[in-house]
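**Student:** Here it is, the structure in full.
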Amino acid sequence: LLDSGPVEERAGAFAEWAKGVRDGLAGGESEHAAVRPLLHTVSAHPGLRERVEGFLDAAPLELEFTGFATEADYQRYVDTYALPAFMLIAGLIAGEDTPVGYREACRVYIDGSQRLDFVNDLSEDLADGRLNLVRETLDAHGVARVDLENARDTTGTRNLLAHVLGQARQSLSTSRSLVGLVPPEGRPLFRAMIQIEQLTATAAADKGPGVLRAPARPPLPATARVLLRERRHARHRR
């Protein structure tokens, strides 16, 4: 709804969706197959209601997105849109009594995850007319948008991609503290999420300017090992 199709159509579609969600929250009922389980979850976890409202308020930012001129613009995007979106799930995992430092740790994770996505999705985003990398970072490495659009393998593009992926990997590594802040039943999920993101970041770094033609994918055997290991942890908890 937010990032597919003409902007004017997206705005109308999102407005209709947001109204349906809010009407459901107000009345406790909905005919929509996706809203009904949301309302059930809100009834079991009342704290989710505020996070849903916060995300609906923030979501139009995605409709108005025109790129990031500065790092500060990107950080505002994380605070205003990416983090509230992540907290819809992360807030449920933490339970009603959110530990001290939990939201801050979630922000570190989503910052790394978002930077990784912006690099790894470059080929698709540029084809849709979007450039999600910070323009002042491009300028610092002597890279123009046309270089990325034409998938030019230059020293500048290599250094740019390595720089942003380095930022992503640092944040993802730091976000491992998140695992210890959630109840034991939530730890396998967070460990798997972080480890698979780290595998993806390594694959993107190895691919280099090749990500300008197609996204990198984490190695299947390593990904399977992560998932199987964490599945065993989850089953053992039960």
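Here, each number is a calculation from the coordinates, and none is a lab measurement. Predicted model, so just to flag it, every value in this text is computed and none were measured. Neighbour counts run over all protein chains shown; Cβ positions are idealised from the backbone, glycine included.
**Student:** Order these by the 10 Å Cβ neighbour count, fewest first: D3, D117, D97.
**Tutor:** D97, D3, D117
**Student:** Take every Cα-Cα pair in region 108-171 and report what % of them are more than 19 Å apart.
**Tutor:** Taking all Cα-Cα pairs of region 108-171, the fraction more than 19 Å apart is 25 percent.
**Student:** From the residues S4, A216, L138, which one has its Cα farthest along the dipole of the chain in the positive direction, the dipole being from +1 and -1 charges on Cβ of Lys/Arg and Asp/Glu about the Cα centre?
**Tutor:** A216
**Student:** Where does region 1-46 land on Rg(C-alpha)/(2.2 N^0.38 Å)?
**Tutor:** Scaled against compact globular proteins, the figure is 1.30.
**Student:** Ok, one more. Which whole-number percent gives the relative contact order of the chain, counting Cα pairs below 8 Å spaced six or more residues apart?
**Tutor:** Reported relative contact order: 18 percent.
**Student:** May I pose another question? With a cut-off of at most 15 other beta carbons within 10 Å, and DSSP calling the residue loop, which trypsin sites (Lys or Arg not before Pro) in region 150-183 qualify? Please list them.
**Tutor:** Within region 150-183, the qualifying trypsin sites (Lys or Arg not before Pro) (loop, at most 15 other Cβ atoms within 10 Å) are R152.
**Student:** With the cut-off at 1.5 for a/c, could you classify the chain from its C-alpha gyration tensor as rounded, prolate or oblate?
**Tutor:** Cα axes put the chain in the oblate bin.
**Student:** Order of M87, M193 from fewest to most other C-beta atoms within 10 Å?
**Tutor:** M193, M87
**Student:** Explain nothing, just the number: dipole magnitude of the chain about its Cα centre with +1 on each Lys and Arg Cβ and -1 on each Asp and Glu Cβ, in debye rounded to the nearest 20.
**Tutor:** 1460
**Student:** Turning to a different aspect of this structure: Mind checking the dipole of region 13-129: about its Cα centre, +1 per Lys or Arg Cβ, -1 per Asp or Glu Cβ, Debye to the nearest 20?
**Tutor:** Its charge dipole is roughly 380 debye.
**Student:** Then there's this: Would you kindly compute the Cα radius of gyration of region 36-96 and its largest Cα-Cα separation (Dmax), both in Å?
**Tutor:** Considering region 36-96 through its Cα atoms, Rg and Dmax are 13.5, 42 Å.
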